[in-house]
Amino acid sequence: MSESFCNVALQVPLRTTFSYGVPEELRAQVQAGSRVLVPFRKKAMIGVVTEIDVAPPAETKIRDITKVVDLVPALTPKLLELGQWISTYYLAPIGEVFRAMLPPITELSLRREIVITEAGSTLVADLKKGAALTDMLLGEVEFLQKLVQKKGPMQFGSDAKIGIEPQALQRLQRRGYIEVRETVRGRKRKTQQVVAWKVGSAKPGEPLGEKEERVRALLATERGPLPIPQLVKLANVSRAIIERMRRDGLLDGWEEPVDPAEDPFDSGYSPPAHSLNAEQERAFNSIRARFELGEFGVQLLHGVTGSGKTEVYLRCVQDTLARGKTAIVLVPEIALTLWIGRQCRAWFGARFEGVAVLHSALSDVERAREWWRVRNGQARVVVGTRSAVFAPLENVGLIIVDEEQESSYKQEETPRYHGRDVAVVRAKFENAVALLGSATPSLETYHNAVNGRYELLTMAGRVENRSMASVEVVDLRVDFQQTHQTSPISRSLHDGIGECLTFQTQALVLINRRGYSWSVLCRSCGASVQCANCSISMTHHKNRNRLECHYCGSVQSIPTVCPKCESKYVYFFGEGSEHLEERLRKEFPGARIARLDRDTARTKQQYQETLGAFAGGALDILVGTQMLAKGHDFQRVTMVGVISADSSLSLPDFRAAERTFQLLTQVAGRAGRGDLPGRVLIQTFYPEHYAIQDAVRQDYLAFYEREVHFRRMMAYPPFTSLANVIVRNANLENAIRWSRRLSEYFSPHDGKGLRILGPASAPLARLKKEHRYQFLLKSPKRSVLTKILAGAMAFCEANEIPETAILVDMDPLSLL
Ligand code: ADP
Ligand code: ZN
Ligand code: ZN
């Protein structure tokens with residue numbers, strides 16, 4: 001028997017791959033990168049083939065692959081390589097890495113079936129021969145007989161007359177008479193015909209009819225490919241005309257799954273065309289020069305807010321496509337994928353087979369469809385959030401990471417990768433250019449630019465010589481002494497907003513917490529109301545009339561007496577966005593006010609509606625959380641208020657100053673983007689802090705110099721690599737015991753090229769009912785950390801510390 005074998009990565013929390021046999025008839029289809037269906041324990045699972053033609057494994061009981069899921073291997077060789085890199089670098093199980101890289105499997109559904117085992121068949125045969133019934137129930141025997149007669153598996157659900165109690169079924173299973181298996185079955189997909197204008201199909205000198213011209217305009221310039229029913233409606237032509245145009249070779253057509261979700265491009269948008277100004281031109285030329293080299297390189301486009309970075313990105317994508325290569329544009333949040341996606345669509349949609357948008361708010365079908373369009377080469381530009389860095393494009397020439405400093409690029413669950421860093425690594429594997437853009441680059445990135453590892457491109461001025469907004473500090477201590485008011489809105493901010501209303505411009509007010517009050521305290525004993533599952537205070541939500549934990553989502557009713565001492569003096573403090581909105585309504589009756597935070601914008605649609613209303617001038621004041629700070633280009637905002645710049649400064653995190661500076665600079669960038677000058681007011685109790693002072697001057701370099709000095713002194717990134725290891729368990733004793741065990745492994749390594757701090761109680765000592773202990777590993781050499789962590793994982797396995805109890809975060813963004 002000349003069996004062949006392959007290795008398969010499965011989505012289980014294990015760090016190994018598994019060997020399977022490849023049956024003769026599947027041999028041609030199984031390739032590295034293919035998704036396959038395999039038996040695993042008692043289940044059917046989908047895995048990814050990592051290697052083919054491997055040596056026969058030592059174990060004897062090797063099972064076979066059941067089915068090959070993809071006709072084309074889902075993962076390209078380069079993506080396989082990238083997945084392996086992520087698995088090693090971030091210490092994540094390979095199967096979980098591939099899961100993060102791959103589209104949801106929508107065309108498959110799970111089914112459970114029951115089969116009789118050999119023991120079962122033997123028993124039925126023996127009974128027939130007159131053997132005595134031991135401790136079996138009659139119903140169980142009848143069920144086994146039915147299974148024998150059926151000569152095949154019995155389906156759960158569809159075989160309605162299964163006729164046996166679940167307990168009896170379990171008993172039969174325990175005794176080994178039956179087996180319950182899960183299988184994956186194909187599901188029929190609803191599809192629709194989509195048509196596109198065939199490039200270069202109309203012959204010159206042969207003018208199109210009026211109707212054909214309408215179809216051409218829609219498909220080629222205004223909208224891009226459309227489903228036929230939609231096209232019929234929009235162009236107001238009959239189906240017959242479209243069919244004829246197809247036969248005449250004017251249109252291309254294909255099948256796509258129907259998706260109920262909205263078309264993200266469904267709006268008649270046409271972007272303004274600008275010619276680049278001198279700074280944009282210079283930046284663009286440097287990037288083009290880099291392309292000319294045709295080799296890997298990283299560039300940092302450091303452009304102040306409003307310097308027109310998007311325009312530069314679009315030119316670069318255009319240039320990439322013109323060179324026959326493909327491009328990925330990563331943006332930090334979903335709303336921006338829609339915005340940038342729309343611009344890309346308008347630029348490239350018609351001319352170059354299209355743009356795909358990938359983000360987590362798409363339905364599974366929509367995501368799978370976009371993914372496969374990319375994999376099949378139908379889209380050559382991908383715009384998306386973090387995971388779009390895995391877009392299955394081939395021949396990648398350019399990867400853009402917009403707002404590269406954003407923490408949303410970091411995935412805070414396994415695999416805990418950083419989208420920006422993976423973008424750089426992918427660019428390296430693909431021999432492509434990575435272009436990182438920001439007004440406030442992360443310390444790590446800017447440091448790389450200063451050292452010459454990245455090429456620095458600067459755009460120091462806003463487009464059309466617009467001035468930067470003027471930023472002022474409101475010292476809340478002084479404000480209080482003057483007014484003796486405890487309103488979150490200082491007198492200056494109140495007056496500033498009042499001016500906007502008078503001159504009919506708009507104001508943005510930023511607050512960093514949602515909810516009504518973020519703490520509930522007892523005046524009598526000082527206790528605060530904590531979450532039952534986490535060591536964190538509950539937030540009061542007035543509209544919903546309850547307390548909520550923002551970490552685990554648990555809720556409590558609002559206490560009327562202190563839960564600890566039963567005194568009646570319970571009070572609420574710390575204003576959140578809900579409170580601020582209420583306050584603004586009181587102070588500015590008649591103003592049109594809306595709030596944007598995770599509570600009011602639960603869906604993509606709500607979010608867009610509010611932003612749209614504000615951009616369209618239907619609102620005067622928009623209150624909200626960080627969501628407001630990023631990227632949006634509002635033309636009539638003349639006033640931006642920041643309620644408390646301090647709350648982010650006081651977090652126990654070495655990045656607190658950096659975050660505060662970035663947030664303040666970003667939010668200041670929202671003011672004065674149109675023809676009207678902007679004003680920014682930052683309220684604070686610590687006006688002297690350098691993060692605030694430098695943000696006021698919008699002086700990135702000054703901030704960088706100061707911060708980098710602090711990081712060097714304290715041996716923090718970018719001068720040291722960090723890894724955060726959390727040992728967690730719902731049982732406190734386990735958490736303590738395992739962290740002590742792990743400490744035995746770590747201790748001997750301390751001081752040998754790395755520093756190991758801990759175990760200590762984590763800042764969030766309890767989260768979602770789990771107790772948490774923390775180790776912090778620091779080393780100037782990243783490879784040292786990777787090596788010791790790999791050793792630690794092996795140690796845990798050998799010492800029966802469960803995989804799920806250990807959380808490893810390489811290059812952590814948050815140390816909580
Ligand atoms: P950034 O991302 O750098 O903050 P944007 O890319 O959002 O800036 O551009 C800000 C505004 O300037 C946008 O409305 C854009 O259309 C406009 N813009 C870009 N380039 C030019 C240009 N060369 N001339 C005039 N306006 C421009
Ligand atoms: Zn009390
Ligand atoms: Zn909680």
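Readers should treat all values here as calculations from the given coordinates under stated rules, not as data from a laboratory. Bear in mind that the values here come from a model prediction, so they are computed numbers and not experimental data. Every residue, glycine as well, gets a Cβ built from its backbone with ideal geometry; the counts of neighbours run over all protein chains shown.
Quick one: pull the percentage of alpha-carbon pairs in the range 358-451 with a separation above 22 Å. Of all Cα-Cα pairs in the range 358-451, 31 percent lie more than 22 Å apart. Computed across the range 1-90, the Kirkwood radius stands at 13.3 Å (inverse of mean 1/r, all Cα pairs).
What the Cβ-Cβ distance of S783 and A131 gives, at R0 = 51 Å and to the nearest 0.05, is a FRET efficiency of 0.15. Sorting the segments 695-702, 427-434 by their mean number of nearby beta carbons within 10 angstrom, highest to lowest, gives 427-434, 695-702. For a straight C-alpha distance cut-off of 20 angstrom, the lysines reachable from K309 (same-chain residues fewer than eight places away being disregarded) are K630. Taking one equal scatterer on every alpha-carbon of the range 442-483, how large is log10 of I(q)/I(0) by Debye at q = 0.14, 0.16, 0.20, 0.31 1/Å? Each listed q maps to, in turn, -0.66, -0.71, -0.76, -0.98.
Only Lys, Arg, Asp and Glu carry charge here, each on its Cβ (+1 for the first two, -1 for the last two); on that basis the range 272-317 has a dipole of about 40 debye about its Cα centre.
The antiparallel fraction among DSSP beta bridges confined to the range 288-444 stands at about 5%. Can you check what the Kirkwood hydrodynamic radius comes to for the range 37-98, Cα pairs only, in Å to one decimal? In the range 37-98 this quantity evaluates to 13.4 Å. Do any cysteines in the chain lack another Cys Cβ under 4.7 Å, and if so which? Cys with no partner Cβ under 4.7 Å: C6, C316, C344, C500, C552, C796.
Note on D248 and E295: the extension gain reaches 12.6 nm, defined as 0.36 nm multiplied by sequence separation minus the Cα-Cα distance. When each of the peptides 31-42, 356-367 is scored by how many other beta carbons lie within 10 Å of its residues on average, the order from highest to lowest is 356-367, 31-42. Note on K778: aspartates and glutamates with a C-alpha under 17 Å away, same-chain residues under 8 apart excluded, are E444, D653, D750, D809, D811. Note on the chain: antiparallel DSSP beta bridges, both residues inside, total approximately 60 percent of the bridges counted.
Any idea what the dipole of the range 503-619 comes to, in debye rounded to 20, about its Cα centre with Lys/Arg Cβ at +1 and Asp/Glu Cβ at -1? Walk me through the numbers on the way to the answer.
Values: 16 positive and 10 negative charges, 23 e Å.
Value, rounded to 20: 100 debye.
Relative to the Cα centre, the charge distribution of the chain, modelled as +1 at Lys and Arg Cβ and -1 at Asp and Glu Cβ, gives a dipole magnitude of about 1320 debye.
With N the number of residues in the range 306-465, Rg(Cα) / (2.2 N^0.38 Å) evaluates to 1.00.
With the cut-off at 1.5 for a/c, could you classify the range 526-587 from its C-alpha gyration tensor as rounded, prolate or oblate? Oblate is the answer for the range 526-587, as a/c is 1.5 or above yet b/c matches or exceeds a/b.
What's the local net charge at S535, with K and R +1, D and E -1, over the other residues with C-beta under 10 Å away? Write down the numbers at each step before the final one.
Working: positive: R766, R772; negative: none.
Local charge sum for S535: +2.
Using the Cα atoms as the points, what is the convex hull volume per residue of the chain in Å³?
236
For the range 460-583, the alpha-carbon radius of gyration amounts to 1.38 times the rule-of-thumb value 2.2 N^0.38 Å expected for a compact globular protein.
Return the subset of K428/K768; K542/K769; K198/K410; K564/K768; K43/K150; K43/K151 for which the Cα-Cα distance in this structure is over 31 Å, preserving the input order.
Correct reply: K428/K768; K198/K410.
Over the range 270-319, the pair-distance histogram of Cα-Cα distances with 10 Å bins from zero comes to 23, 57, 19, 2 percent, rounded to whole numbers. Placing dummy labels 7 Å off each Cα toward the beta-carbon, the span from K67 to T486 is 6.5 nm.
With a ≥ b ≥ c taken as the square roots of the eigenvalues of the C-alpha gyration tensor of the range 519-628, please select rounded if a/c is under 1.5 and otherwise prolate if a/b is larger than b/c or oblate if it is not?
Because a/c hits 1.5 or more and a/b exceeds b/c, the range 519-628 counts as prolate.
If a spin label sat at a point 7 angstrom from the Cα of Q145 along the line to its beta carbon, the backbone N atoms of the range 119-133 nearer than 18 Å would be those of 120-133. Among the GluC sites (Glu not before Pro) in the range 46-138, those placed in a DSSP loop whose Cβ has at most 12 other Cβ atoms within 10 Å are E59. Once the other residues with Cβ under 12 Å from the Cβ of M459 are scored (Lys, Arg +1; Asp, Glu -1), what is the net sum? Every neighbour counted, the sum reads 0.
For the range 643-747, GluC sites (Glu not before Pro) meeting the loop criterion (DSSP other than H, G, I, E, B) and having at most 14 other Cβ atoms within 10 Å: E688.
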